[in-house]
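One structure below.
The values are calculated or read from the model by the stated rules, or taken from the named source; none is laboratory data. Keep in mind the model is a prediction, meaning the values are calculated, not measured. A quick note on method: Cβ atoms are made from the backbone with ideal geometry, for glycine too, and the neighbour counts reach across all protein chains shown.
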Amino acid sequence: MNSIMETVCAVCTDVRLRTTQGMGFQKLMNAIRREFKLRGLELKLSSVRDKTLLQEVFYANGYYDPEDDKEQECPFEVIITHNFPKDHVWYPEHATLLLIQIFDTVVHELKHQRQYRKRKYKTFVERDNSHEEYLADPDEIDAYSISIAIELCRSLGRIRALRYLHSIEKISRFKLHGQFVSPSLSMYSVHKPLLKRLSKKVYVRLKKIDTDFIFM
């Protein structure tokens, strides 16, 4: 995964540099699309305004479509849900917060692409629509182990994360400055059997991950 992270980190770093003089939201979105395309990664990037959100709250949702990938069409979609002021100007400090979510989301979805390509797009697990079944999916546990390792390195540093990982249940609920140290891990906090499966994979990811390629 380090090669994937290196590419996505380079995209986010280059986009952030473009915001030094300030940039509107649509130009920022166009810059993100363009930088991904220059590195051979097509990305459907769109935004949705949710007027119920506070202006400082936003989040990215990502999707990977193996059928589109199999047909050699763009398989990745990222949707930014927000309530940004229309005249908001993006400088590096604020752009970084958005690009972190872009980085984490795209890396997660690229892992799904690797999973499907490795098994020639076959699907072995059928699941219902419950959130627990989604989190229990072996593909999601594998992909989230990477997401969690990235988030823990970013918030705690790799050494501290490895030291505290034996108490993964506590880490899943731990916050710094009012934010979960790993938002992805916090989703698993109420599913103790899944936490045990997850902890082994997160440990391996933490040992192997190259922190130079984590965008922050």
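Remarks
- Test: residue in segment 15-36 that is part of a loop (DSSP other than H, G, I, E, B), within 21 Å of Glu109 (Cβ to Cβ) and in contact with a strand residue (DSSP E or B) (Cβ under 6 Å, 6 or more places away or on another chain): no
- Under the condition of being touching a Ser or Thr at 6+ places or on another chain (Cβ under 8 Å) and surrounded by fewer than 22 Cβ atoms within 10 Å (Cβ to Cβ), the residues counted in segment 81-93 number 5.
- Every residue from segment 3-25 that is surrounded by fewer than 13 Cβ atoms within 10 Å (Cβ to Cβ) and at pLDDT below 95: Ser3
- Options Lys120, Lys196; residue that is assigned to a loop (DSSP other than H, G, I, E, B) and either touching a strand residue (DSSP E or B) at 6+ places or on another chain (Cβ under 7 Å) or at pLDDT below 95 (or both): Lys120
- Within segment 86-101, the set of residues being over 9 Å from Arg16 (Cα atoms) and β-branched (Val, Ile, Thr) comprises Val89, Ile100.
- Looking across Thr96, Thr20, one residue alone is within 23 Å of Ile146 (Cα to Cα) and in contact (Cβ under 8 Å) with a residue 60 or more places away in the chain. It is Thr96.
- Candidate set from segment 169-213 (those that are in contact with a Lys or Arg (Cβ under 8 Å, 6 or more places away or on another chain) and β-branched (Val, Ile, Thr)); member that is surrounded by the most Cβ atoms within 10 Å (Cβ to Cβ): Val181
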